[in-house]
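Below is one structure, written out as structure tokens; the observations come after it.
The values are calculated or read from the model by the stated rules, or taken from the named source; none is laboratory data. This is a predicted model, so every value here is computed, not measured. All Cβ positions, even for glycine, are placed from backbone atoms using ideal geometry, and neighbour counts span all protein chains on display. Heavy atoms of the whole protein, side chains included, go into the accessibility calculation; ligands, DNA and RNA do not. Shrake-Rupley method; radii C 1.70, N 1.55, O 1.52, S 1.80 Å.
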Amino acid sequence: MYAITGITGKVGGALARTLLAAGQPVRAVVRDIGRAGTWAARGCEVATAHMDDAPSLAAAFRGAQGVFILPPSEFDPAPGFPEARAVIDAVSAALLQARPGKVVCLSTIGAQAAESNLLSQRTLMEQALRKMPMPVTFLRPGWFMENAAWDVASARDDGIVSSFLQPLDKAFPMVATEDVGRVAAELLQQTWHGVRVVELEGPRRISPKDIASAFARVLHRPVQARAVDRQTWEALFLSQGMKYPLPRMRMLDGFNEGWIDFENRPDDVIRGQVELDTVLAALVSQQA
């Protein structure tokens, strides 16, 4: 039995579908039993748990041969990442109590970066789970292609993709969530010892200009990328309701300056299969 957190999201859903297709038993770990109907209909066992509640997580993980941890993302974290630390403490306690056979945890590209930024939430999770007694794999994917969902309306209506990733012709490691879930399922079914890090990106690296060109192909209209001036970021994020924009700004700086990147050699990074055009076409269709 594989216990899957985050199963109602894109990555967790792709992971669960891959396991079920392989004939593997799946336990869907959800916060709200009402959202598990689809998975129950597919034959999944269902367990309810909150990611910051150790007893419910331990019950959900107990007896599992493998557990997938998808930590919730806090996009406007308070100083010191208290939200992430609460989840980390609960997950750590639950794993120690339940003792599943192995763990795959969704981390991120750049989790090894020393400078504090939005992705440091995953750094903290890695630091904690490295101490677990069972085998642990940290899956570090690149920038999600699905982040372009924020650009669909402006690309469709105005022919503009506003980019915080800069310069516009710089190619960044990106990957589709479908590939992330598929690879996570493959990793869960493997046997290993100790702690390992697996890094994942898509078939090729993608620049903001590439995203604009892909939108142009999907939308059948001219689309261009436009850089968002770094000096405007803080005021913009604050106007959007953020209270603590610095972690997000430093994350973007890390990608742009190159200190958020993969740790392994390029030949050791796994390549996904899903192309950018496929992801953008789905995003456009969803927002039609």
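Suppose the filter is part of a helix (DSSP H, G or I), open to solvent by 10 Å² or more (accessible area, probe 1.4 Å), touching a residue at least 12 places away in the same chain (Cβ under 8 Å) and not aromatic (Phe, Trp, Tyr); does residue 179 pass it? Here the answer is no, as residue 179 does not meet what is asked.
Total residues in the range 86-123 satisfying the condition of being open to solvent by less than 10 Å² (accessible area, probe 1.4 Å), more than 19 Å from the chain's Cα centre (by Cα) and either modelled with pLDDT under 95 or over 23 Å from residue 63 (Cβ atoms) (or both): the figure is 0. If the condition is being assigned to a helix (DSSP H, G or I) and open to solvent by 40 Å² or more (accessible area, probe 1.4 Å), then the range 207-221 contributes 209, 210, 213, 217.
When you go through (1) in contact with a strand residue (DSSP E or B) (Cβ under 8 Å, 6 or more places away or on another chain); (2) closer than 14 Å to residue 173 by Cα; (3) of a type outside the set (A, V, I, L, M, F, W, C); (4) open to solvent by 20 Å² or more (accessible area, probe 1.4 Å) one by one for residue 199, which number turns out not to apply? Here residue 199 clears every test but (4). Within the range 192-208, residues that are at pLDDT 95 or above sit with their Cβ atoms under 7 Å from residues that are hydroxyl-bearing (Ser, Thr, Tyr), at 6+ positions apart or across chains, in these pairs: 192/137; 196/137; 198/137; 208/163. Restricting the search to strands (runs of 3 or more DSSP E) fully inside the range 15-96 and requiring at least 2 residues that are in contact with a strand residue (DSSP E or B) (Cβ under 9 Å, 6 or more places away or on another chain), in contact (Cβ under 8 Å) with a residue 40 or more places away in the chain and closer than 25 Å to residue 147 by Cβ gives 66-69.
Mind counting the residues in the range 222-241 that are part of a loop (DSSP other than H, G, I, E, B), under 21 Å from residue 146 (Cα atoms) and either in contact with a Leu (Cβ under 7 Å, 6 or more places away or on another chain) or open to solvent by less than 100 Å² (accessible area, probe 1.4 Å) (or both)?
Of the residues in that region, 2 qualify.
Looking across the range 28-46 at every residue that is of a type in the set (Gly, Ala, Ser) and modelled with pLDDT under 95, the one that is most open to solvent (accessible area, probe 1.4 Å) is identified as 41.
Got at least one residue in the range 269-287 being more than 20 Å from residue 144 (Cα to Cα), without any contact (Cβ under 8 Å) to a residue 24 or more places away in the chain and surrounded by fewer than 17 Cβ atoms within 10 Å (Cβ to Cβ)? Break it down into steps so the answer makes sense when it comes.
Of all residues in the range 269-287, those more than 20 Å from residue 144 (Cα to Cα) come to none.
No, every residue in the range 269-287 fails to be more than 20 Å from residue 144 (Cα to Cα), without any contact (Cβ under 8 Å) to a residue 24 or more places away in the chain and surrounded by fewer than 17 Cβ atoms within 10 Å (Cβ to Cβ).
Selection of the range 124-146 for residues being surrounded by 21 or more Cβ atoms within 10 Å (Cβ to Cβ) and free of Cβ contacts under 8 Å to residues at least 60 places away in the same chain yields only 125. Would you say residue 7 is open to solvent by less than 10 Å² (accessible area, probe 1.4 Å), hydrophobic (A, V, I, L, M, F, W, C) and free of Cβ contacts under 8 Å to residues at least 60 places away in the same chain? Here the answer is yes, as residue 7 does meet what is asked.
Taking the condition in contact (Cβ under 8 Å) with a residue 60 or more places away in the chain and under 14 Å from residue 104 (Cα atoms), does residue 188 pass? Steps first, please.
On the way: in contact (Cβ under 8 Å) with a residue 60 or more places away in the chain: yes; under 14 Å from residue 104 (Cα atoms): yes.
Considered against the rule, which asks whether it is in contact (Cβ under 8 Å) with a residue 60 or more places away in the chain and under 14 Å from residue 104 (Cα atoms), residue 188 comes out as yes.
Residues that are of a type in the set (A, V, I, L, M) and open to solvent by less than 40 Å² (accessible area, probe 1.4 Å) within the range 182-196 comprise 183, 184, 185, 187, 188, listed in sequence order. Selection of the range 147-176 for residues being in a strand (DSSP E or B), under 15 Å from residue 226 (Cβ atoms) and open to solvent by less than 40 Å² (accessible area, probe 1.4 Å) yields 160, 161, 163. Return the pairs, sorted by first residue and then second, in which the second residue is of a type outside the set (S, T, N, Q) and open to solvent by 50 Å² or more (accessible area, probe 1.4 Å), the first residue lies in the range 220-243 and is in contact (Cβ under 8 Å) with a residue 60 or more places away in the chain, the beta carbons are less than 6 Å apart, and the residues are 6+ apart or on different chains. Listed by first residue and then by second, the contacts come to 225/209.
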